[in-house]
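This report concerns only the one structure given below.
Read-outs: derived from the displayed coordinates by stated rules, not from any lab. This is a predicted model, so every value here is computed, not measured. Here the Cβ is made from the backbone with ideal geometry for all residues, glycine too, and neighbour counts use every protein chain on show.
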Amino acid sequence: MKKLFVSAFLIVSFVLTPTLLHAQAWERTSKVLSLGVGFSQFYHLDDYYYYGRNDNRNGYKLTTEQFNFQGEFGIHKYVGLGFTIGVGGRGALSNNYRGEFNIPAGIVCNFHFYQLISDNSKKNIHGDKMDIYAGLNFGSGVAFTYYTNSNRVVPLAFGGTHVGIRYYISPKFGLNAEVGMGKSIVNAGLVFKL
C-alpha cells in the first residue's frame, strides 16, 4: 500500500510540475476579462452641422468618467486582441453645457512584454503573477449631450496608446491598472482569468 501511494504521488508530481513551473500570467491560450473605473478622453465629432459652416470648431476632446468592461484573448504567445465597452459621462462644464452620457466601444491590441522578459530570464521575476503590457486602442460610440436649450446625440471617436499592469492575487483573479490616451487616461479595476 505504501509503494502504491508513493508511486501515485510521484506520477501526480511529475505530471503537475511542468504545468506549475511554466504557468504564466499571460499565455497564448489566455482569456481575460476586466472591470474598471477611471477617466477616458473622446473626440466629439460635432462639426458645422451644429455650429455653422463658418465656425472653426470641427470637433473637440472631452475627458469623462468611465465604467468599462474589457476582454482580451491570446492570439500569440505575447500578443492579445480584445474589445472594450463602457458607460460614462460628465457633469456641467458651463451654464449652457449641462453634461453628457456616453457609450463607447472599441478594439484593443496588447503586447505582453513582461512575459517575453520572464521567459528569457534565468531569475524568478514572478511572471506567473505579474503581466505588464503596452497596446493600442481605437473605437467609436455615441454621446448624449445636454445643453440648456437643446439635447443632442453626438458621434464620438477615440484612439491612442496605453500601458497596463495586471497582478494576480490568485491564478484566476487579480488587480489591473492602465494609463494612456483614448480609452484609458487612467483606469483601475479587477481582472478575471478564464
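Translational diffusion coefficient of the range 131-186 at 20 °C, 1.002 mPa s, Stokes-Einstein with Kirkwood Rh over Cα pairs, in µm²/s as a whole number. Working shown, then result.
Values: Rh = 13.6 Å.
Approximately 158 µm²/s, per Stokes-Einstein.
Subtracting the Cα-Cα distance from 0.36 nm times the residue separation, let me have the gained length for Leu81 to Phe101 in nm, one decimal. Mind showing how you got there, number by number?
Working: separation 20, 0.36 × 20 = 7.20 nm, distance 2.71 nm.
Gain in length upon complete extension: 4.5 nm.
Within the range 151-177, name every residue whose backbone N is under 14 Å away from a label modeled 7 Å from Cα of Phe111 along the Cβ vector.
The answer is 161-164, whose backbone nitrogens lie closer than 14 Å to the label point.
By the gyration tensor of its Cα atoms, with a ≥ b ≥ c the square roots of the eigenvalues, what is the shape of the range 67-155: rounded for a/c under 1.5, prolate for a/b over b/c, or oblate?
Details: a/c = 4.92, a/b = 3.04, b/c = 1.62.
Taking the square roots of the gyration eigenvalues as a ≥ b ≥ c, the range 67-155 is prolate.
I need the peptides 113-122, 30-39, 145-154, 127-136 ranked by packing, meaning the mean over residues of other C-beta atoms within 10 angstrom, with the highest value on top.
Numbers: 113-122: 14.2, 30-39: 17.8, 145-154: 12.7, 127-136: 19.4.
Those peptides, ordered most packed to least, come out 127-136, 30-39, 113-122, 145-154.
If you wrap a convex hull around the C-alpha atoms of the range 120-161 and split its volume per residue, what is the figure in Å³?
Values: hull volume 5.0 nm³, N = 42.
Each residue corresponds to 119 Å³ of Cα convex hull volume.
How do the peptides 100-111, 166-177 rank, highest first, by the average count of neighbouring beta carbon atoms within 10 Å per residue?
Working: 100-111: 19.1, 166-177: 15.3.
Result, highest mean Cβ count within 10 Å first: 100-111, 166-177.
Where Rh denotes the Kirkwood radius from the mean inverse Cα pair distance, what is Rg over Rh for the range 154-194? Before the final figure, lay out the partial values.
Working: Rg = 12.7 Å, Rh = 11.3 Å.
Checking Rg against Rh, the ratio lands at 1.12.
Calculate the spin-label point distance for Leu190 paired with Leu33, positioning each point 7 Å from the Cα along the beta-carbon direction, and give it in nanometres.
Once both label points are built, they end up 1.1 nm from each other.
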